[in-house]
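**Student:** First the structure, which I've put down as structure tokens, then a few questions once you've had a look.
The values are calculated or read from the model by the stated rules, or taken from the named source; none is laboratory data. The structure presented is a predicted model; accordingly, all values stated were derived computationally and were not measured. No Cβ is skipped: glycine too gets one built from the backbone with ideal geometry, and neighbour counts run over all protein chains shown. Remember, those area values only see protein heavy atoms, side chains included, never the ligands or the DNA or RNA. Shrake-Rupley method; radii C 1.70, N 1.55, O 1.52, S 1.80 Å.
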Amino acid sequence: MFSPKMLKLGKVRSVIREIFEYGRKRAAEIGAENVFDFSLGNPSIPAPPEVNLAIKELLEKENSVALHGYTSAPGDPAVRKAVADSIAKRFGVPVTPDYIYMTAGAAASLCVTLKALTLPGDEVIVFAPFFTEYRVFAESAGAKVKVSMPGEGLQIDVDNFKSLITPSTKAVIVNSPNNPSGVVYREDIIRKVCETLKEKSEEYGKPIFLISDEPYRELVYGGVKVPYLMNYYKDTVVCYSYSKSLSLPGERIGYIAVNPAATNAADLFAAIAGAGRALGYVCAPSLFQRVVAKCVDKTSDINAYAKNRDAIYNGLTALGYQCVKPDGAFYLFVKSPIPNAYEFCEKAKEYELLLVPSDDFGCPGYVRIAYCVSYPQIERSMPAFAKLIENYK
Ligand code: PLP
């Protein structure tokens, strides 16, 4: 009677949500300070002051009918210009406002882009570990997902990637800094991925598109650089979000930027507009389009995440946990001491530690720790982590 695919999606609860709900229940039972919930990637630092200032100014000074009204589908022209100018200035790519499509966050950017690019049966390659929703978004567009397993240091294994490309490959999704590993892909590896894409596109006589999903672009520590993919590969579409960089996940605001040098760029942009229309997005939230235009080059004060990263990485490795030091985002991907990460997470619950098993990220045998939490939570959780690992020594 109903779409079986949609029914299943609606009924199967995400593992992360389930753990989060469990954490709420436990907090009510034993007190929030005694539960160490590392399950959700929800920013824990406030938006920069400029965001509140921009909201106030817009509400005070602008005509409220226009401010809350529809914008044109791809977005307010002045907002698109502010975004394009910022990209051109920061990354040296001549993106123009005609190639900026404002969206309700990266999730919408990805759904729209995948729907615009793929035909039923097309393949989309993702790199494990990967954001679980890629599968939902790609399969909803009718595409098939292929998973490339990681190499050393959870970087992309270029040979494995190459072996997965077929004439049906339409797109590849790169997410760096990565959720769930926090890894930033090295520039030399990005170059190899792009060379491979060029070679294969030429061999098959049609472009394979690179989708750069980058909600964590600004969340990097220790001066690490995140390559801007349009500078390495022309058939690139950037799916961006202000959810993390400006700590605005509930406001639903981001954009799609199409490289003007991409194959049939104008038609690609038109297909993106068509997909946005077909998916019923109408336009991105008007007030927040205007807010981000005033804050395009701002980032929340990420020092708290940097401090958390050091504390949790140093603390856990000293206890004997194994993980790659993350250069970005706010996640730590820790090797489970036993092959079954679900079992390990169940054990962790006995110490009130709420961790996410990695199976849905396409990379079994790990757990994800979202360290976008208060610093005292990290400090208080260390004895629990110490007791947990004792079980496996
Ligand atoms: N892509 C990745 C890798 C994410 O981690 C997230 C959210 O956590 C998204 C996309 C979706 O972000 P948004 O809130 O902008 O829709």
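**Student:** Which one, 106, 230, 75, is farthest towards the positive end of the dipole of the chain when Lys and Arg carry +1 and Asp and Glu -1 on their Cβ?
**Tutor:** After comparing all options, I get 75.
**Student:** I want to check the label-to-label distance for residue 187 and residue 261. Put each point 7 Å from Cα in the C-beta direction and report it in nm to one decimal.
**Tutor:** 1.6 nm
**Student:** On to the next question. Rounded to the nearest 500 deg cm²/dmol, what is the calculated helix-only ellipticity per residue at 222 nm for the chain, with -39500 (n - 2.57) per DSSP H run of length n ≥ 4? Display every interim value, and only then the final one.
**Tutor:** On the way: 14 runs with 167 residues, N = 393.
Counting only the DSSP helices, I get -13000 deg cm²/dmol.
**Student:** If I model a spin label as a point 7 Å beyond the Cα along the Cα-Cβ vector, how far apart are those points for residue 9 and residue 72 in nm?
**Tutor:** About 3.0 nm, to one decimal.
**Student:** Still on this model: Quick one: dipole size for the range 260-393, taken about the Cα centre, charges +1 on Lys/Arg Cβ and -1 on Asp/Glu Cβ, in debye to the nearest 20.
**Tutor:** The calculated dipole for the range 260-393 is roughly 280 debye.
**Student:** Here's another thing I want to ask about it. Can you give me the Rg/Rh ratio for the range 14-120, using Cα atoms for both radii and the Kirkwood formula for Rh? The partial results should precede the final answer.
**Tutor:** Values: Rg = 20.1 Å, Rh = 18.2 Å.
Rg/Rh for the range 14-120 comes to 1.10.
**Student:** When ranked by the protection proxy of mean other Cβ atoms within 10 Å per residue, highest first, what sequence do the peptides 65-73, 331-339 form?
**Tutor:** Working: 65-73: 12.1, 331-339: 20.0.
Highest-to-lowest ranking by the protection proxy: 331-339, 65-73.
**Student:** To test your reading of the geometry: what angle, between 0 and 90 degrees and rounded to tens, separates the Cα axis of helix 375-390 from the longest principal axis of the chain?
**Tutor:** With both axes taken from Cα atoms, the answer is about 60 degrees.
**Student:** DSSP beta bridges in the range 50-295, what fraction antiparallel, as a percent rounded to 5?
**Tutor:** Antiparallel bridges make up about 35 percent of those DSSP assigns within the range 50-295.
**Student:** Roughly how many debye, to the nearest 20, is the charge dipole of the range 50-295 about its Cα centre, given +1 on each Lys and Arg Cβ, -1 on each Asp and Glu Cβ, and no other charges?
**Tutor:** Values: 26 positive and 26 negative charges, 46 e Å.
Roughly 220 debye for the range 50-295.
**Student:** Could you work out the mean projected area of the convex hull around the alpha carbons of the range 201-319, in square nanometres to one decimal?
**Tutor:** Working: hull surface 43.3 nm².
Reported value for the Cα convex hull: 10.8 nm².
**Student:** Nearest 10 degrees, 0 to 90: what angle lies between the long axis of helix 49-61 and the longest principal axis of the chain (Cα atoms)?
**Tutor:** Rounded to the nearest ten degrees, it is 40.
**Student:** How many nm is it between the label spots at residue 29 and residue 338, if each spot is 7 Å from the Cα in line with the beta carbon?
**Tutor:** Distance between the two pseudo-spin positions: 2.0 nm.
**Student:** When only alpha-carbon atoms count, how far does the range 309-353 stretch along each of its three principal axes, as whole angstroms with the largest first?
**Tutor:** 28, 19, 19
**Student:** Could you work out the relative contact order of the range 204-279? I mean the mean sequence separation of Cα pairs under 8 Å and 6+ apart, divided by the number of residues, in percent. Can you show the working numbers first?
**Tutor:** Details: 88 pairs, mean separation 20.8, N = 76.
Reported as a whole number, the value is 27 percent.
**Student:** Please state, as a whole number in µm²/s, the translational diffusion coefficient that the Stokes-Einstein equation yields for the range 118-181 at 20 °C and 1.002 mPa s, with Rh defined as the Kirkwood radius across alpha carbon pairs.
**Tutor:** Values: Rh = 11.9 Å.
Estimated diffusion coefficient is 180 µm²/s.
**Student:** Could you compute the net charge surrounding residue 298? Neighbours are other residues with a C-beta less than 11 Å from the C-beta of residue 298; K and R count +1, D and E count -1.
**Tutor:** Details: positive: 294; negative: 50, 218, 297, 301.
Result for the local shell: -3.
**Student:** So what is log10(I(q)/I(0)) for the chain at q = 0.08, 0.12 1/Å, when the Debye sum runs over its Cα atoms only?
**Tutor:** With one equal scatterer per Cα and no solvent, log10 I(q)/I(0) is -0.43, -0.97.
**Student:** Would the range 51-102 count as rounded, prolate or oblate if I go by the C-alpha gyration tensor, calling it rounded below 1.5 in a/c and otherwise prolate when a/b exceeds b/c, oblate otherwise?
**Tutor:** Numbers: a/c = 3.84, a/b = 1.68, b/c = 2.29.
Oblate, because a/c is 1.5 or more while a/b does not exceed b/c.
**Student:** On a 31 Å Cα-Cα criterion, which of the cross-link pairs 206/244; 162/294; 81/234 come out too long? Show your work: numbers first, answer last.
**Tutor:** Values: 206/244 34 Å; 162/294 42 Å; 81/234 21 Å.
In this structure, 206/244; 162/294 lie more than 31 Å apart at Cα.
**Student:** Sticking with this structure for a sec: With everything on Cα atoms, drop me the angle between helix 187-204 and the longest principal axis of the chain, reported from 0 to 90° to the nearest 10.
**Tutor:** 50 degrees
**Student:** Once ligands and nucleic acids are excluded and a 1.4 Å probe is used, how much of residue 313 is accessible, expressed in Å² to the nearest 10?
**Tutor:** Here the accessible area works out near 50 Å².
**Student:** Then there's this: Can you work out the FRET efficiency for the pair residue 359 and residue 144, with r the C-beta to C-beta distance and R0 = 25 Å, to the nearest 0.05? Spell out each step's value before the answer.
**Tutor:** On the way: r = 20 Å, r/R0 = 0.78.
Computed FRET efficiency for residue 359 and residue 144: 0.80.
**Student:** A further question on this structure: Provide 252, 26 ordered by accessible surface of protein heavy atoms (probe 1.4 Å), highest first. Intermediate results must be reported in sequence, preceding the final value.
**Tutor:** Values: 252 85, 26 50 Å².
These residues rank, largest area first, as 252, 26.
**Student:** Sort 229-240, 141-152, 48-59 by the packing proxy (mean of other Cβ within 10 Å over each peptide's residues), most packed first.
**Tutor:** The peptides rank, most packed first, as 229-240, 141-152, 48-59.
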